[in-house]
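Let me begin by presenting the structure, written as structure tokens, before commenting on it.
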Amino acid sequence: MKNYKITVLKGDGIGPEIVDECVKVLDKAGEKFGFSFDYNYQLLGGCAIDEYGVPYPDETAKACKASDAVLLGAVGGPKWDSQPGNNRPEKGLLAIREDLGLFANLRPAKIFAPLKSASPIKEEIIGDGLDILIVRELTGGIYFGDRCESEIHNGAERAWDLENYSVPEVDRITRFAMEAARKRHGHVTSVDKSNVLATSRLWRRTVIKIHDEDYPDVQLDHMYVDNCAQQFAIHPSFFDVVVTGNLFGDILSDEAAVLSGSIGMLPSASIGNETSLYEPIHGSAPDIAGKGIANPIATILSAAMLLRYSLNEDKAADAIEAAVNQALDDGYRTGDIYKEGMKKVNGRGMTDAILARIQ
Ligand code: IPM
Ligand code: MN
């Protein structure tokens, strides 16, 4: 029987409880489809600061590099707000992305049919629906450029962050987006700010070159980021795959997630050449942590992405996604998506409903 090594990073806040639920689903999928898992539990974020003094300990790095994939809950919380900027839980997230070379961040935002009314967009605008895959470059741009926290310039204190992109960085994320589009609806929108930024002009001409040379079958268009933010809200069904840089992708993926009405439901994948990491889009929700009421679906769908992208266990991934849809169709709802007349359950109740529907 195939055995996969998974490093599990529960993290902070609701991280531990949603990951515990998710692991049950992975095990069940393994049982049904003939494989098993070795889980190596390690620390990332605030819990790692408490234990080791740093948010991304060497033990964690070593375990991740030796595993087939990494599953993450969520990191951060008010407890670590007083940590200096370079030792905050979020720094652990940036460090693991850089160290594992997780250059492509996939953030699908879609409307789950049973939750259509939860979207903040009017029905007539939703029209053909919203099903966008955001492909965010994750290890470059302004997130990882040089910065200066404080200096005196012309007699005034200032700070700065440098954005840079190289052709190879844009090249590989573009290819990734083009391949993804071929498996979806064959349409890529590249988002930049090339009317102002030099990095965006290099971005755009590189995207065009890769497209024209190797992906002429894919429909490509370009949009300025400010316009894209508007189009998401007024014409969301225009989009299929959106490819963009690190900072624009951070912002646009939050917008797309909230438009879907299901932020507690959306998974993500951060793909590297050696290993990849899977985590829910939502945060650590410290206000509800420990109560057992958090919605585990985003984490469970992240596990489905893990099966699909890292382990090529497509059938198991399909089965989990179908089970989640069936549980929603059958009326099961955690508090965040609850509507009158539905069956209100806690995190474990939702997981049980999904487990019973994995076929
Ligand atoms: C995200 C988060 C992170 C980011 C933060 C926590 C560093 O907002 O994954 O989108 O900005 O990338
Ligand atoms: Mn973000």
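Coordinate-derived values only; no laboratory data. All of these numbers come straight from a predicted model, not from anything done at the bench. Every residue, glycine as well, gets a Cβ built from its backbone with ideal geometry; the counts of neighbours run over all protein chains shown.
A few notes on this one:
- Taking every alpha-carbon pair under 8 Å whose residues sit at least 6 apart, the chain reaches a relative contact order of 22 percent.
- Percent antiparallel among DSSP beta bridges (both partners in the chain, rounded to 5): 40
- Kirkwood Rh, angstrom, the chain [1 / mean 1/r, Cα pairs]: 21.1
- Pairs beyond 25 Å (Cα-Cα), from K110/K315; K28/K79; K183/K209: K28/K79
- Assigned charges on the beta-carbon of Lys, Arg, Asp, Glu; the chain dipole about Cα centre (debye): 640
- Label separation (E157 vs E124): 5.2 nm, computed from points 7 Å beyond Cα along the C-beta direction.
- The length gained by stretching the chain between D352 and R182 to full extension, at 0.36 nm per residue less their Cα-Cα distance, is 57.7 nm.
- Once the Cα-Cα distance is subtracted from the 0.36 nm per residue extended length, the E274 to Q219 segment shows a gain of 16.8 nm.
- With R₀ set to 56 Å, the beta-carbon distance separating K339 from V54 gives a calculated FRET efficiency near 0.85.
- Fluctuation leader among I271, I234, I96 - the chain, Gaussian network, Cα springs under 10 angstrom: I234
- Whole-Å distance, taken between Cα centres, linking segment 134-185 and segment 1-42: 32
- Other residues whose C-beta falls under 11 angstrom from the C-beta of L100 contribute a net charge of -1, scoring Lys and Arg +1 and Asp and Glu -1.
- Calculated FRET efficiency, A66 to K291, Cβ-Cβ distance, R0 = 35 Å: about 0.55 to the nearest 0.05.
- Listed by chain and number, the aspartates and glutamates placed with their C-alpha closer than 12 angstrom to that of K193 are D226; residues fewer than eight positions away on the same chain are left out.
- Distance from the C-alpha centroid of segment 255-330 to that of segment 221-247: 23 Å, rounded to the whole angstrom.
- Comparing E21, E124, E163 in a Gaussian network model of the chain where C-alpha atoms under 10 Å apart are linked, the largest mean-square fluctuation is found at E124.
- Reach of K65 by Cα under 16 Å, taken over lysines that are not fewer than 8 positions away in the same chain: K5
- Rounded to whole Å, sorted largest first: equivalent-ellipsoid semi-axes of segment 1-113, Cα gyration tensor: 26, 17, 14
- Going from the fewest other Cβ atoms within 10 Å to the most, the residues W203, W160 appear in the order W160, W203.
- Sum of side-chain charges, I358 neighbourhood, beta-carbon under 14 Å (Lys, Arg +1; Asp, Glu -1): -3
- Sorted fewest first by neighbouring Cβ atoms within 10 angstrom, M350, M178, M1 come out as M1, M178, M350.
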